[in-house]
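Written below as structure tokens is the structure these notes are about.
Every number in this text was worked out from the coordinates using simple rules, so none of it is lab data. Everything numeric in this text was worked out from a predicted model, so none of it was measured. Neighbour counts run over all protein chains shown; Cβ positions are idealised from the backbone, glycine included.
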Amino acid sequence: MPSYRLLFADARGVVYDHPDLLAAVRSGDEVRPAQERAVPLPEGATLCVLPGRLPVGVDPATGATTVLREAKVGRRRFVPVAVGATLPPGYTRTLLPAAARAPLAGVDGAPILPQWAYTAAALGPDGPVAFALHTDRRRHWDPARHSTPELPGLVERALAERGGPVLGQLSRCALEYRCFTAQNTFYGRDEGAIPSSAACNAACVGCLSEQEPGMPPSSHERIRRAPTAEEMAAVGVHHLRHATGKVMVSFGQGCEGEPLLRWKEIAQAVRLMRAATGRGTIHMNTNGSLPEALAAVIDAGLDACRISLNSASPDLYAAYYRPSRYGLAEVVRSMKVAKRKGAWLSLNLLTFPGVTDREEEARRLCRLVREVGVDQVQARPLALDPDLYADLARGRGGGGPAIGIPGLLAALRKARPGLAIGNFSRARSERARTGASR
């Protein structure tokens with residue numbers, strides 16, 4: 001196993017490696033020496049700083065962790081900043097950055113971090129590394145295929161030729177937020193987006209489109225006016241008819257609320273799309289809060305859904321999603337409805353090292369996946385300040401030592417033979433190829 005050296009940054013964001021200290025990593029509340037194998041920093045990944053956090057390294061002589069409170073580079077001395085990494089699509093983190101909250105004038109001065117999935121990073125023998133798994137090797141979400149120079153022209157042309165509130169919202173998502181699903185709508189390929197709802201019946205701590213005062217700004221601005229069935233269908237029909245690749249349209253994007261709150265309009269939009277074309281997949285990303293509503297949309301022609309989940313433990317689920325007038329029991333009912341009606345069922349499993357992979361948490365997730373008959377688990381790193389989620393999860397959910405994110409995924413595969421594990425939703429043409437991620 002190679003040894004990994006500690007990375008740290010100065011106030012300008014310039015990253016250095018420490019001449020003596022080795023890297024430490026974090027799993028839940030545990031900070032320890034890095035013993036797991038890392039991967040070379042993937043193409044599309046970025047080293048990032050953690051403001052208000054001091055780096056934590058390992059003394060190679062004693063193996064003890066130590067907080068780096070001062071750094072010296074040349075003649076310059078400064079207070080260092082902890083460094084992590086953010087990952088491109090297709091990767092799942094296995095460990096968190098090891099960092100200590102930096103005091104400011106005698107108090108905790110560390111700000112709440114913006115909503116990114118902070119991953120442990122270090123310097124390996126051949127360059128920077130990240131503690132992550134390559135969980136989905138399909139290339140159609142490659143960052144190099146997105147945010148290309150021709151995209152603004154494609155957006156402008158689509159708005160001029162077709163217009164409408166759905167494409168208007170997606171133009172912002174594609175150009176400002178760099179949402180790959182929104183961009184696909186203008187590239188005319190793979191999974192395209194249909195934002196559908198301005199409201200939500202959950203108040204997720206890590207919501208991408210609406211945050212409380214005192215939290216970092218949300219990364220997306222939610223669609224302001226919910227579109228009509230006809231407006232949604234127009235975008236969907238065009239994409240299903242003309243797109244290339246793994247053709248899908250999806251309700252339930254990061255720039256909106258919960259699509260099941262508009263199940264009647266979405267069901268009508270699905271009927272209109274299927275009356276116009278039988279091509280491609282019609283998919284929904286949902287919190288699964290309204291089983292009867294999901295049943296109605298599937299009856300209208302929806303053939304796949306992805307239900308979001310952070311835990312199979314009711315208390316930990318409720319602490320993160322903060323649901324209104326529903327709970328984990330309704331979410332599980334929605335999963336069973338989807339399977340009973342023949343829809344492809346994915347879980348959008350929001351993973352957090354040291355919490356999701358605790359022994360009892362893993363057992364509960366495995367039991368759920370097996371009993372419901374889940375088709376796919378999309379293992380996605382939870383995008384939230386690690387301290388915020390660790391505080392929320394402390395004392396909630398299943399306990400026991402962490403078995404590691406690789407151990408969790410292995411346990412899920414064993415619990416449900418043939419389970420597809422990856423990061424991306426699958427079109428109808430891909431669904432027979434279950435098993436190992438691709």
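Compared with the dominant Cα axis of the chain, that is its longest principal axis, helix 359-372 is turned about 10°.
Using the alpha carbons alone, the radius of gyration of segment 5-134 stands to its Kirkwood radius in an Rg to Rh ratio of 0.94.
Separation of segment 333-396 from segment 185-211 is 20 Å, based on Cα centroids.
Okay, helix-only estimate at 222 nm for the chain: each DSSP H run of n ≥ 4 adds -39500 (n - 2.57), divide by all residues, round to 500 deg cm²/dmol; what do you get? Intermediate results must be reported in sequence, preceding the final value.
Details: 11 runs with 122 residues, N = 438.
Taking each H run of at least 4 residues, the total per residue is -8500 deg cm²/dmol.
A cysteine counts as unpartnered when no other cysteine's C-beta lies under 4.7 Å of its own; in the chain this applies to CYS48, CYS200, CYS255, CYS305, CYS366. Under conditions of 10 °C and 1.306 mPa s, the chain yields 70 µm² s⁻¹ as its translational diffusion coefficient, taking Rh as the Kirkwood radius over Cα pairs in the Stokes-Einstein equation.
For the pair ARG69 and ARG157, label points projected 7 Å from Cα toward Cβ lie 6.1 nm apart. When the charge dipole of the chain is built from unit charges on Cβ atoms (+1 for Lys and Arg, -1 for Asp and Glu) and taken about the Cα centre, the candidate among GLN115, LEU47, CYS366 whose Cα reaches farthest toward its positive end is CYS366.
Shown in residue order for segment 398-407 are the 3J(HN,Hα) couplings computed by the Karplus curve 6.51 cos²θ - 1.76 cosθ + 1.60 at θ = phi - 60°: x, x, x, x, 6, 9, x, 4, x, x Hz (x for Gly and Pro). With both residues required to sit in the chain, DSSP beta bridges show an antiparallel share near 60%. Relative contact order, whole percent, for the chain stands at 14, derived from Cα pairs under 8 Å and 6 or more residues apart. Given their separation in residues at 0.36 nm each and the Cα-Cα distance between them, THR148 and GLU371 gain 75.9 nm when the chain is fully extended.
Axis of helix 328-340 versus longest Cα principal axis of the chain: the two differ by about 50°, to the nearest ten degrees. Residues VAL297, VAL49, ranked from the fewest to the most other C-beta atoms within 10 Å, line up as VAL49, VAL297. Sequence-ordered 3J(HN,Hα) estimates for segment 380-389 from the Karplus curve with 6.51, -1.76 and 1.60 and θ = phi - 60° stand at 10, x, 5, 8, 6, 3, x, 5, 5, 6 Hz, glycine and proline given as x. Projecting the Cα positions of ALA130, PHE78, TYR91 onto the charge dipole of segment 5-134 (unit charges on Cβ atoms of Lys, Arg, Asp and Glu, taken about the Cα centre) puts PHE78 furthest along the positive direction. Shown here for segment 45-114: trypsin sites (Lys or Arg not before Pro) in loop regions (DSSP other than H, G, I, E, B) with at most 12 other Cβ atoms within 10 Å, namely ARG69, ARG75.
According to the Cα-based calculation, Rg over Rh for segment 342-438 is 0.99, with Rh computed by the Kirkwood formula.
For the chain, the longest principal axis of the C-alpha atoms and the axis of helix 165-175 are separated by about 30°.
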